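Shown next, in structure tokens, is the structure this report addresses.
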């Protein structure tokens with residue numbers, strides 16, 4: 001059996017679990033459309049990596065093509081100045 005190393009971007013963000021209001025973290029892999037979570041950032045990363053591996057193994061077993069990440073895409077944070085004439089709140 002051959003082992004390949006694939007690189008995928010993931011995003012991690014704080015999350016609140018529905019029904020319990022407990023805090024945790026959500027992890028998302030946009031290229032594969034997969035999401036998972038965990039109580040900590042480390043757990044969320046571990047869980048999404050397991051899910052990515054499982055998903056790719058299933059695609060390979062079904063002889064389907066495996067999407068690759070577009071390494072030219074970037075994720076960044078930027079400042080935006082906005083003029084508003086009325087009060088508003090942040091979600």
Considering only residues of the range 7-34 that are in contact (Cβ under 8 Å) with a residue 24 or more places away in the chain and surrounded by 12 or more Cβ atoms within 10 Å (Cβ to Cβ), which is farthest from residue 65 (Cα to Cα)?
12
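Condition (residue is over 23 Å from residue 2 (Cβ atoms) and in contact (Cβ under 8 Å) with a residue 24 or more places away in the chain) applied to the range 49-63: is it met by at least one residue? Talk me through it step by step, then tell me what you get.
Looking only at the range 49-63, we keep the residues that are over 23 Å from residue 2 (Cβ atoms), and these are none.
No - not one qualifying residue is present in the range 49-63.
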What number of residues in the range 18-65 are part of a loop (DSSP other than H, G, I, E, B) and at negative phi?
11
Considering only the range 59-75, I want to know if a residue exists there that is modelled with pLDDT of 95 or more, closer than 22 Å to residue 13 by Cα and touching a strand residue (DSSP E or B) at 6+ places or on another chain (Cβ under 7 Å).
no
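The values are calculated or read from the model by the stated rules, or taken from the named source; none is laboratory data. All figures in this text were calculated on a predicted structure; none of them were measured in a lab. No Cβ is skipped: glycine too gets one built from the backbone with ideal geometry, and neighbour counts run over all protein chains shown.
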